[in-house]
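Just so it is clear, none of the values below were taken in a lab; they were calculated from the coordinates. Please read these numbers as outputs of a predicted model, since none were measured by experiment. In this analysis, Cβ positions are derived from the backbone assuming ideal geometry, glycine residues included, and neighbour counts consider all displayed protein chains.
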Amino acid sequence: MSDISVYPSGKLIWRGKEYACALGRGGVTAEKKEGDGATPAGRFPVRDIYFRADRLERPETVFPLRAISPGDGWCDDPGDEKYNRLVTLPHPARHERMWREDHLYDIVVVLGYNDDPPVSGKGSAIFMHLASPDYDPTEGCVALALLELIEIIETLDASTEIRIHERDSS
């Protein structure tokens with residue numbers, strides 16, 4: 001098994017190579033709560049990968065791939081039965097749109113955080129996705145440059161997990 005290591009300083013290490021990444025505006029925490037803007041610490045499997053087929057070629061990967069459509073959303077309402085799940089829009093509960101005008105969700109790697117089963121209020125929608133040009137903080141996700149994220153997902157194997165550390169390595 002090989003892990004991707006992510007550190008609070010904005011460093012991601014995969015197969016001996018270092019990449020810059022953006023993390024949550026609330027830092028990294030083991031006590032993640034919905035809306036805190038923090039990236040959860042821990043070890044998480046890759047669940048699925050979504051991509052914008054109208055903007056990108058289908059990446060090669062061993063993981064399930066799904067094209068994002070304008071009707072896709074992700075429920076982030078702790079009171080909804082679809083909490084921390086992909087939903088079809090319109091959806092009556094609070095959610096975010098997966099089909100965005102910006103490019104942040106052109107590729108979305110869904111991490112297995114709080115999803116088996118989801119615990120209300122513990123946090124939702126923890127993804128690896130594209131970073132803004134200035135690597136602005138995320139709402140709790142891990143964000144990378146386009147070519148680097150593609151490089152990583154094309155070299156993942158089925159046992160790869162993402163390990164998000166609370167502290168940088170010394």
Seminar exercise, completed: With the charge dipole of the chain built from beta-carbon charges (+1 for Lys and Arg, -1 for Asp and Glu) about the Cα centre, the Cα from Ala125, Ser159, Tyr50 projecting farthest to the positive end belongs to Ser159
Problem set entry | Under the Karplus curve 6.51 cos²θ - 1.76 cosθ + 1.60, θ = phi - 60°, whole-Hz ³J(HN,Hα) for segment 146-155, x wherever Gly or Pro sits | 3, 5, 6, 5, 4, 4, 5, 5, 6, 10
Exercise. When the chain is modelled as a GNM with alpha-carbon springs shorter than 10 Å, which of Gly123, Gly27, Gly79 fluctuates the most?
Worked result: Gly79
Seminar exercise, completed: Taking alpha-carbon centroids only, segment 1-76 lies from segment 112-130 a number of Å equal to 11
Problem set entry | When segment 91-150 is reduced to its Cα atoms, the Kirkwood hydrodynamic radius in Å | 12.7
For this session: For n ≥ 4 DSSP H runs only, could you compute -39500 (n - 2.57) per run for the chain, divide by its residues and tell me the 222 nm figure to the nearest 500?
Result: -1500 deg cm²/dmol
Exercise. So what are the ³J(HN,Hα) numbers for segment 54-61, from phi and the Karplus equation (6.51, -1.76, 1.60; θ = phi - 60°), rounded to whole Hz, Gly and Pro as x?
Worked result: 7, 10, 9, 6, 4, x, 8, 6
Problem set entry | Per-residue HN-Hα couplings for segment 101-108 [Karplus 6.51, -1.76, 1.60; θ = phi - 60°; Hz; x = Gly/Pro] | 6, 6, 9, 4, 9, 5, 9, 10
Seminar exercise, completed: The convex hull of the Cα atoms of the chain, divided by residue count, gives a volume in Å³ per residue of 108
Exercise. For segment 1-102, what is the largest minus smallest coordinate of the Cα atoms on each principal axis, given in angstrom and ordered from greatest to least?
Worked result: 42, 36, 27
For this session: Run the dipole for segment 3-164 about the Cα centre, Lys and Arg Cβ at +1, Asp and Glu Cβ at -1, nothing else charged, and hand back the magnitude in debye, nearest 20.
Result: 220
